[in-house]
1. Among the residues of the stretch 680-702, count how many are assigned to a strand (DSSP E or B), in contact with a strand residue (DSSP E or B) (Cβ under 7 Å, 6 or more places away or on another chain) and over 28 Å from SER586 (Cβ atoms).
2. If the requirement is being surrounded by 24 or more Cβ atoms within 10 Å (Cβ to Cβ), in contact with an Asp or Glu (Cβ under 6 Å, 6 or more places away or on another chain) and within 21 Å of VAL35 (Cα to Cα), which of these qualifies: THR56, THR87?
3. Which residues, counting only those in the stretch 1-38, are outside any loop (DSSP other than H, G, I, E, B) and touching a Phe, Trp or Tyr at 6+ places or on another chain (Cβ under 6 Å)?
4. Of the residues that sit in the stretch 304-352 and are within 23 Å of PRO237 (Cα to Cα) and in contact with a Gly (Cβ under 8 Å, 6 or more places away or on another chain), which one is surrounded by the fewest Cβ atoms within 10 Å (Cβ to Cβ)?
5. Please verify whether ARG354 is in a helix (DSSP H, G or I), farther than 30 Å from GLY66 by Cβ and within 19 Å of the chain's Cα centre (by Cα), treating the condition exactly as stated.
6. For the stretch 619-634, does any single residue satisfy the condition of being assigned to a strand (DSSP E or B), farther than 30 Å from PRO150 by Cβ and open to solvent by 20 Å² or more (accessible area, probe 1.4 Å)?
7. So LEU241 ticks every box in (1) open to solvent by less than 20 Å² (accessible area, probe 1.4 Å); (2) of a type in the set (A, V, I, L, M, F, W, C); (3) part of a loop (DSSP other than H, G, I, E, B) but one. Which box is left unticked?
8. Look at the stretch 167-195 and say how many of its residues are more than 25 Å from ASP337 (Cβ to Cβ) and in contact with a Phe, Trp or Tyr (Cβ under 6 Å, 6 or more places away or on another chain).
Amino acid sequence: MNDSHFQGVIGRTVDESQPWWPSEPRPTKGTPNVVVVVFDDVGFAHFNRYGSTIDTPNLNRLADGGLRFVNFHTTALCSPTRACMLTGRNHHAVGMRAISNFDTGFPNMRGAIPRSAATLAEMLRDQGFGTYMVGKWHLAPMHETGPAGPFRNWPLARGFDRFYGFLQGETDQFRPELVQDNHYIQPPATPGQGYHLTEDLVDKAIGFAHDHVSAVPDQPFFTYLAFGACHSPHQAPQAFLDKYRGQFDEGWDVMRERWFERQKTLGIVAPDTTLPPRNPGVKAWSALSDNERLFAARLQEAFAAFLDHTDHHLGRYIDALARLGQLDNTIFIAMSDNGASQEGGPTGVLDEMRYFNGLREDVDEAVKRLDTIGGPDSHTNYPWGWAMVGNTPLKRYKQNTHAGGVRDPFIVHWPDRIKDAGAIRRQFHHVTDIAPTILELLGLAPPREVDGVAQAPMHGISMAYALADGAGDAPTRKKSQYFEMFGHRAIWHEGWKAVCYHEPGADYDTEAWELYHADVDASEAHDLAAQQPERLRKLIALWWVEAGRHGVLPLDDRRGGALFKSAQFRGNTARRNRFTFYPPVSRYAADVAPPTGNRAFVISADLALGQGRNGCIVARGSASGGYVLFVRDGRLVFDYNHFHEHSQVQSEVALPSCRCQAGVRVDRVAKSGIATLFIDGRDVGTVHIPAMATMVSSTGLDVGLSVAPVCHDYQPPYVFEGELHSVTFDIAASRPPQAKAEALAAERVTQGLQ
């Protein structure tokens, strides 16, 4: 062994030698812990202390004992905001222009953070902190999220000692796709046993804290707790759903005014702030049909229940830190990653994948399943009108660079340092400022090198000055910040903001920009572009300068299906059309499952039923949509679930008890299909599938069992009772021409929804 750093003396014997031990990083006594809690798709007004009437008593507790920032900004989308928060760099500069599902072949969209931009976990672990991540990651390229990795962009490879959560942008809260450290696991309980992901995540976060404080009480820890709430699907236990029944029946126009008045009373916005008109495409509540109002109100109830339930369990984590004697000396941040979501479209959706398939919700049909909303068999998102309320008093939504997309709640709680508890801070800041702030508060400088890799400079500035007692009137130290998302652009500079809402395909050079004096017009209600064209021209020019500096170019306005088709899908899924699984295998996340959307495919299983009579061979998706091949009472069954419209066929004969080849052949016919069961080469049943999905589900693939039931003819986990030697998918090399045309049409519909 050659230790080039050894500073002792090595002689012939131990008596002639001098031992030496390298020093270990040890933070000074009293160094605070750091906890960053990130909510998902929660708008500026959604926290109760920011204006809403939703109960968030534990967030209120943090706000009342800490500081509320009301001029804090994000990137308008989840992965980019998280990349900025963890690195202190702008998202284009670290390869995260949009969500990590894509790699467009340009440096600004690789779907992974480069090693030249270390995460807070990497920086703090090197300083002796314990580092723990719980919840949503969404910072690894999706083709790397299979059970065999590669793991180079998973949390443990980016500085975290422990990880418990999910890798995708969303997951079912009752039946999540769970990862512990570097391997997939099954949820520890079922919905029938009371399981919900939020409670599980908080249990793990508490467990990590207990382990850390018990084992190394003299060392601080960094915990990143990223809830699935309140990203779709909006799901909560029935007691929380019942709590909000009827509370939003007055509609979004009344509720928006009510929340706006609360904001003025709370000091979140100035008394003379103007509430802008409804966002484009949002109808007056009174103009909706009875069913539209009924459906929309129930969807908002599910969202409120989800947020309330999450706050409830956040309270358990806060209480645990207090019992451990750690709360007062913990820098505790609570924030959202972007504004309220527009992915529910104008009516809201019972199943969010309708949005990504370019399908509009038939509200008159949807209300027939009203009582499933918020439960295990729903995957809902609310309509534009309620997202608009969540962003009160701001314009537009997540994905947009108007304030509704990028201005978010931000709370800092640290009793040992913050003296004017409950105060409000109005300085302009951006998510890139979090990492520099934490480092300054800990007395650390940004490292020049991490793990032998030279580090790029941070773009954010520290907000530590704003935490000082009485700093509410301190001037903003930040000078400029650009924004860009899907071609939407904006720039804030010294209290003024220029912003452009971009229509896909529009000319970047000729489309209109708006101008706002943001320091006095927080809601962007008074466009001054016509009155001050020279100021606007200079701000637009500055935007292009900042875009060049931070790697924003090339501008890319592709969205939805267009972005999925344009991005180079890498890894095994892109390179082959045959997939063979040898059970037992871990769950395969949606982006690494065989690509059966808009394709013909064959599933063939090498099995021996033996004495078994039941069980799942393969399942893809959930009760909201997908397909499942299973055995019931010795017969082969295939069920294709197109948003709760089931096409099912059972084999005409029973499976033999001996080893055989059995499966299903699915042929595409335009946008419909034909599924044919076979046993040892003989066709044994056929069913017509009226409609098939382009994007099957955000839930992945199970082999040999079914964790999330695609249909309710069985109870999960529906384990195959015989011997399952292998399961092979053969995928058609390309989509039929008519299917391609339909995909393009669906894409246009999807872009219209955006």
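The values are calculated or read from the model by the stated rules, or taken from the named source; none is laboratory data. The structure presented is a predicted model; accordingly, all values stated were derived computationally and were not measured. Counting neighbours? That spans all protein chains shown, and the Cβs are built from the backbone with ideal geometry, glycine included. Ligands, DNA and RNA are stripped out before the accessible areas are found, and what is left, the full protein with its side chains, is counted by its heavy atoms. Shrake-Rupley method; radii C 1.70, N 1.55, O 1.52, S 1.80 Å.
1. Adding up the residues that qualify gives 7.
2. None of the others qualify; the one that does is THR56.
3. Residues satisfying the conditions are ASN33, VAL34, VAL35, VAL36.
4. Going through the qualifying residues, I end up with GLU352.
5. Yes, satisfied.
6. Yes.
7. Single failed check for LEU241: (3).
8. Residues flagged as more than 25 Å from ASP337 (Cβ to Cβ) and in contact with a Phe, Trp or Tyr (Cβ under 6 Å, 6 or more places away or on another chain) within the stretch 167-195 amount to 2.
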